[in-house]
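K.L.:
This is the structure, below, for whatever I ask next.
Values quoted throughout were computed directly from the atomic coordinates according to the rules given, and no laboratory measurement underlies them. Just so we're clear, the structure is a prediction, and the values are computed from it rather than from any experiment. Cβ sites come from the backbone with ideal geometry, for glycine too, and all protein chains shown count toward neighbours.
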Amino acid sequence: MKISFIYLILLLVISCKEDKKPILLADREAPLGWIYLKMYDDYTFDFISRGAMRDEDVYSGNFNIKNDTVYFKYKDSIPQAGSKAVIQNGFVSYLDGKYRESVEIKLKNIKK
């Protein structure tokens, strides 16, 4: 009986889980690695910095879009790229970081 109850709970959790769908994917090659931006239809995102000579750093959180500007709200720490970016000319360009970061859009399916 106990195993049946656990099985039922597990089945409910799996069936209720929604898959996130990417609405924007962008990246660029960085020195010794890559920078990735993944934005999902549930208004979450992952900013990933990964390299051959270093570990992968993942910065996650929520975002909102006003006109062509994206505002990122990070869960924990903020990457040096910043928390505000503009979408234009096939790129996501960060505006308020310690350096000017820009990633090229590979998939854009943002509904306004």
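K.L.:
How compact is the stretch 32-76 by the rule of thumb for globular proteins, expressed as Cα Rg over 2.2 N^0.38 Å?
P.N.:
For the stretch 32-76, the normalised Cα radius of gyration is 1.28.
K.L.:
Ok, one more. Quote the FRET efficiency, to the nearest 0.05, computed for residue 42 versus residue 77 with a Förster distance R0 of 25 Å and r equal to the Cβ-Cβ distance.
P.N.:
0.70
K.L.:
In addition: I'd like the distance between the alpha-carbon centres of the stretch 79-107 and the stretch 25-73, rounded to an integer number of Å.
P.N.:
9 Å
K.L.:
When you count, for each residue, the other Cβ atoms within 10 Å and take the mean per peptide, how do 78-87, 91-100, 44-53 rank with the highest first?
P.N.:
Packing proxy ranking, top to bottom: 78-87, 44-53, 91-100.
K.L.:
Grab the Cα-Cα distance for residue 68 and residue 95, subtract it from 0.36 nm times how many residues apart they are, and report the gain in nm with one decimal.
P.N.:
Here the answer is 8.5 nm.
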